[in-house]
Amino acid sequence: MSAHVPAALRQRVRERASGLCEYRLLHERDDWLAFQIDHLISRKHGGRTTYSNLALACLDCNLAKGSDLGSLTRRSSVLIPFFNPRKDKWADHFRLNVHRIVPLTDIGEVTCRIMGFNSPKRLVKRQAISKAGRYPSIEALALMRE
């Protein structure tokens, strides 16, 4: 969760993310609440408030992730780290199938499950935004195709 992040650093993180939740690629203009600055490695685990350790996250993803670093896979009960937008490419771990985000790797599976990417509420939201012609956004499409 967020500790104090100086305004200038917060703005740099927002600009780098192009207004997207860096986990599920929803644009901030399509959510009710302003996105938050997430510590990839939480301060609780020694993470610092530095540009390389911060990501823009929607409230739902940030709350679901909390201070966790990863989760166990359902298949093998091995501890797997969450998707890290500073190190990982979104397209290597996920793909979009209509409105559902499909995990492609163990990293994708634990991230998708713990952060609830495909909860009924989120699927309905993506469908509505898609009908309005705003999902996926141009910024999200670029990351989905990398």
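The values are calculated or read from the model by the stated rules, or taken from the named source; none is laboratory data. Since we're looking at a predicted model, the values are computed, not measured. All Cβ positions, even for glycine, are placed from backbone atoms using ideal geometry, and neighbour counts span all protein chains on display. Please note that ligands, DNA and RNA were not included when accessible areas were found on the heavy atoms of the full protein model with its side chains. Shrake-Rupley method; radii C 1.70, N 1.55, O 1.52, S 1.80 Å.
Of the residues N118, N62, N97, the one that moves most in a GNM of the chain with alpha-carbon contacts below 10 Å is N97. Rounded to the nearest 0.05, the FRET efficiency derived from the C-beta distance between T105 and H45 at R0 = 30 Å is 0.85. The residues of the chain have, on average, 53 Å² of accessible surface per residue, using a 1.4 Å probe with all protein chains present. Between amide H atoms placed 1.01 Å from N, distances below 5 Å from G70 occur with F82, all of them 5 or more places distant or on a separate chain. Looking at the range 1-71, which trypsin sites (Lys or Arg not before Pro) are in a loop (DSSP not H, G, I, E or B) and have at most 14 other Cβ atoms within 10 Å? Of the trypsin sites (Lys or Arg not before Pro), the ones in loops of the range 1-71 whose Cβ has at most 14 other Cβ atoms within 10 Å are R48. Close amide H contacts of Y135 (hydrogens built in the peptide plane, cut-off under 5 Å, sequence separation of 5 or more or a different chain): S130.
Computed from phi, the 3J(HN,Hα) profile of the range 127-137 under the Karplus parametrisation 6.51, -1.76, 1.60 (θ = phi - 60°) reads 4, 5, 5, 5, 4, 7, x, 10, 9, x, 6 Hz, with x in place of Gly and Pro. Taking a quarter of the surface of the Cα convex hull of the chain gives a mean projected area of 8.3 nm². Would you kindly give the portion of the calculated P(r) for the range 103-146 that falls above 12 Å, as a percent of all Cα pairs? Across the range 103-146, Cα pairs with separations above 12 Å total 68 percent. If you take all other residues with their beta carbon under 13 Å from the beta carbon of A91, and give Lys and Arg +1 and Asp and Glu -1, the sum is 0.
Computed per residue of the chain from DSSP H runs no shorter than four, each worth -39500 (n - 2.57), the mean residue ellipticity at 222 nm is -9500 deg cm²/dmol. When the Gaussian network model of the chain links Cα atoms closer than 10 Å, the mean-square fluctuations of A132, A64, A34 top out at A132.
Computed from backbone phi with θ = phi - 60° and the Karplus coefficients 6.51, -1.76 and 1.60, the 3J(HN,Hα) list for the range 138-146 is 4, 5, 5, 4, 4, 6, 5, 9, 4 Hz; x is used for glycine and proline. As a calculated quantity, the FRET efficiency between Q11 and I138 at R0 = 25 Å, using C-beta atoms, amounts to about 0.75.
Note on surface exposure: E22, E28 rank E28, E22 by accessible area, highest first, 1.4 Å probe.
The modelled label-to-label distance for the pair L72/V124, using points 7 Å beyond Cα in the direction of Cβ, is 3.2 nm. Summing charges over all other residues whose Cβ lies under 14 Å from the Cβ of L56, with Lys and Arg as +1 and Asp and Glu as -1, gives 0.
In this view, the solvent-accessible surface of S76, computed with a 1.4 Å probe and all protein chains in place, comes to about 50 Å².
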